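A short write-up of the structure that comes next.
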Amino acid sequence: MMDYDIIIIGAGPAGLSFAKLLSATKLKVLIVEKQDEKSLANPPYDGREIALTHHSYNIMSQTGMWNKIPAKSISLIKDAKVLNGNLNDPLFFDHRKSGKENLGYMISNHLIRKAAYEVVKPLKNVTLMTGVEVADVRTDDHCGEVTLKGGQKITAKLVVAADSRFSATRRMMGIPTAMRDFGRVCIVCRMALDRDHDETAYECFFYDRTMAVLPLNGRYCSVVLTIASEHADDILKMSPAAFGRDMTKRMEGQFGNMTLDTELFPYPLIGTYADRFYANRYALMGDAAVGMHPVTAHGFNFGLRGADVLAHEIQAACDLGLNFAARDVLQRYSDAHRKATWAMYMGTNTLVALYTKTTPLAKLARKSLLMLGQHLPPAKRIIMNQLTEARG
Ligand SMILES: Cc1cc2nc3c(=O)[nH]c(=O)nc-3n(C[C@H](O)[C@H](O)[C@H](O)COP(=O)(O)OP(=O)(O)OC[C@H]3O[C@@H](n4cnc5c(N)ncnc54)[C@H](O)[C@@H]3O)c2cc1C
């Protein structure tokens with residue numbers, strides 16, 4: 001007799017969303033999380049403002065997460081401008097061409113995490129074990145066994161690892177993973193603006209850094225600055241006033257004065273992509289499967305998508321009275337999720353490589369790419385559909 005049907009390792013936004021998406025199956029689920037319950041119930045602000053696609057909106061609505069987010073904390077991205085080297089001649093993405101009223105949404109990461117906790121906590125079929133770290137995972141043809149740091153062993157038919165892009169259990173299960181250390185740091189913060197942003201997102205590929213200025217309700221924005229690691233300290237040591245002046249100057253006064261509204265939060269940039277998203281009675285979820293560079297804002301969007309696909313596969317197997325942890329079920333999930341994510345993962349890495357090089361050839365290639373996007377409507381439409389997931 002097994003202790004649980006499914007053990008989920010990690011109560012990050014992906015693991016929790018997956019638990020909620022499974023609720024229709026009535027399977028007995030255990031989530032093991034090393035953070036304490038207080039930090040799940042009330043996660044601190046971490047500087048991340050997450051850009052969400054229409055597909056994510058649909059999944060979050062279906063799980064009830066969307067309704068848990070205060071309406072005033074949901075900002076719209078109506079349009080987007082991509083800039084190369086300076087603020088002239090942007091590649092413009094117009095929401096009217098997407099067939100939607102906006103390109104996407106912005107919600108703080110800590111509010112998404114809080115909402116995910118709140119929809120999972122009341123579920124009768126889900127047990128949340130917090131403040132405990134998973135030390136080992138093994139699976140065989142009959143079951144999966146998770147060993148906690150204190151030595152306790154727990155069994156289940158399936159183990160799902162949503163334990164971050166640095167997943168230790170992925171390594172234990174022998175799944176090779178491509179890792180790309182970009183040698184860059186992403187610094188995020190919220191800033192107050194003197195002038196309206198018109199709900200427009202700016203993605204600025206300057207020569208020494210990339211900078212995203214993303215619209216938040218009122219005259220606020222989220223700034224995502226990507227810079228070579230050796231220069232990150234220079235920025236982190238700036239006084240708030242100096243940082244504000246620097247941003248105002250770099251944005252050429254477009255928003256009037258820009259004033260720092262939070263501290264600066266640094267994140268080292270490492271992209272990861274697992275060779276496969278499953279092993280025997282084991283599946284990878286969220287960043288543990290695909291750890292994206294944030295420039296294309298797809299990490300959590302992909303996490304939600306994957307959680308939804310695996311939950312559907314499991315539900316379909318249960319409906320037919322089949323083994324939901326069988327290899328073919330997990331393989332179908334893995335194949336579908338790779339198909340949905342591989343091109344964007346590779347495209348993002350290529351874009352990052354191209355837009356951080358300053359050789360004359362790279363500058364020419366950058367310019368040509370933007371011109372292609374601007375003057376070739378089908379190319380622009382494809383990029384827009386990929387970025388907004390407007391077609392689900
Ligand atoms: C600066 C920045 C901006 C971003 N912007 C966007 C954006 O605009 N749009 C977007 O879609 N995505 C964005 N992302 C990505 C998004 O934040 C991540 O994809 C998402 O948070 C990953 O969620 P997760 O649940 O997979 O992993 P995590 O949030 O890393 O959670 C993993 C959980 O597993 C737990 N854990 C790990 N190991 C163990 C263990 N052995 N035992 C028990 N528990 C364990 C951890 O404590 C943690 O709670 C951004 C990321 C960054 C850094």
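Please check: in the Gaussian network model of the chain (C-alpha springs, under 10 Å), which one of Tyr207, Tyr333, Tyr278 has the largest mean-square fluctuation.
Taking springs between Cα atoms under 10 Å, the residue moving most is Tyr207.
Please give the net charge around Thr262, taking every other residue with its beta carbon less than 13 angstrom from that of Thr262, where Lys and Arg add +1 and Asp and Glu add -1.
Once all neighbours under 13 Å are counted, the net charge is -2.
Quick one: Cα centre-to-centre distance for the stretch 268-306 and the stretch 333-349, in angstrom?
Using only Cα atoms to place each centre, the spacing works out to 9 Å.
Find the relative contact order for the stretch 1-92 and round it to a whole percent, using C-alpha pairs within less than 8 Å whose residues are 6+ positions apart.
Details: 54 pairs, mean separation 18.5, N = 92.
Relative contact order comes out at 20 percent.
Hey, what did the chain get for relative contact order, percent, Cα under 8 Å, at least 6 apart? Could you put the intermediate results ahead of the total?
Details: 808 pairs, mean separation 84.5, N = 392.
Rounded, it is 22 percent for the chain.
Relative to 2.2 N^0.38 Å, what does the C-alpha radius of gyration of the chain come to as a ratio? Two decimals please. Please list the in-between numbers first.
Details: Rg = 21.4 Å, N = 392, 2.2 N^0.38 = 21.3 Å.
Normalised by 2.2 N^0.38 Å, the Cα Rg of the chain equals 1.00.
For the stretch 124-170, what is the Kirkwood hydrodynamic radius in Å, using each pair of distinct C-alpha atoms?
Details: mean 1/r = 0.0857 Å⁻¹.
This gives a value of 11.7 Å.
Given the stretch 1-89, what whole percent of its Cα pairs are spread farther than 16 Å?
Details: 2689 of 3916 pairs.
For the stretch 1-89, the fraction of Cα-Cα distances above 16 Å is 69 percent.
Dividing the alpha-carbon Rg of the stretch 38-173 by 2.2 N^0.38 Å yields what? Could you put the intermediate results ahead of the total?
Working: Rg = 20.2 Å, N = 136, 2.2 N^0.38 = 14.2 Å.
Dividing the Cα Rg of the stretch 38-173 by 2.2 N^0.38 Å gives 1.42.
Quick one: Karplus J couplings for the stretch 193-205, per residue in order, coefficients 6.51, -1.76, 1.60, θ = phi - 60°, nearest Hz, x for Gly and Pro?
With the stated coefficients, the stretch 193-205 comes to 10, 7, 10, 5, 9, 6, 6, 10, 8, 10, 10, 10, 9 Hz.
How compact and how long is the stretch 101-194, expressed as Rg and Dmax of its alpha-carbon atoms in Å?
Computed over the Cα atoms of the stretch 101-194, radius of gyration and Dmax are 18.6, 62 Å.
For Met60, Met106, what ranking results if the residue with the fewest other Cβ atoms within 10 Å of its Cβ goes first? Write down the numbers at each step before the final one.
Working: Met60 25, Met106 22.
Taking fewest neighbouring Cβ atoms as first place, the list is Met106, Met60.
Mind checking Rg over Rh on the stretch 267-309, alpha carbons, Kirkwood formula for Rh?
0.99
What percentage of all Cα-Cα pairs in the stretch 227-335 are separated by more than 18 Å?
I get 65 percent for the Cα pairs in the stretch 227-335 exceeding 18 Å.
Pick out which of Arg138, Arg48, Arg96 has the largest mean-square fluctuation in a Gaussian network model of the chain, springs linking Cα atoms closer than 10 Å.
Arg96
List the relative contact order of the stretch 282-357 as a percent without decimals, with contacts defined as Cα pairs under 8 Å and 6+ residues apart. Mind dumping the intermediate values first?
On the way: 51 pairs, mean separation 23.0, N = 76.
Contact order relative to length: 30 percent.
So what is log10(I(q)/I(0)) for the stretch 69-108 at q = 0.20, 0.22, 0.29, 0.32 1/Å, when the Debye sum runs over its Cα atoms only?
Values returned for q = 0.20, 0.22, 0.29, 0.32 Å⁻¹ are -0.69, -0.75, -0.90, -0.97.
Each reported figure results from applying straightforward, stated rules to the coordinates on display, with no laboratory input. Bear in mind that the values here come from a model prediction, so they are computed numbers and not experimental data. Ideal geometry is used to build each Cβ from the backbone, glycine not excepted, and the neighbour counts take in all protein chains shown.
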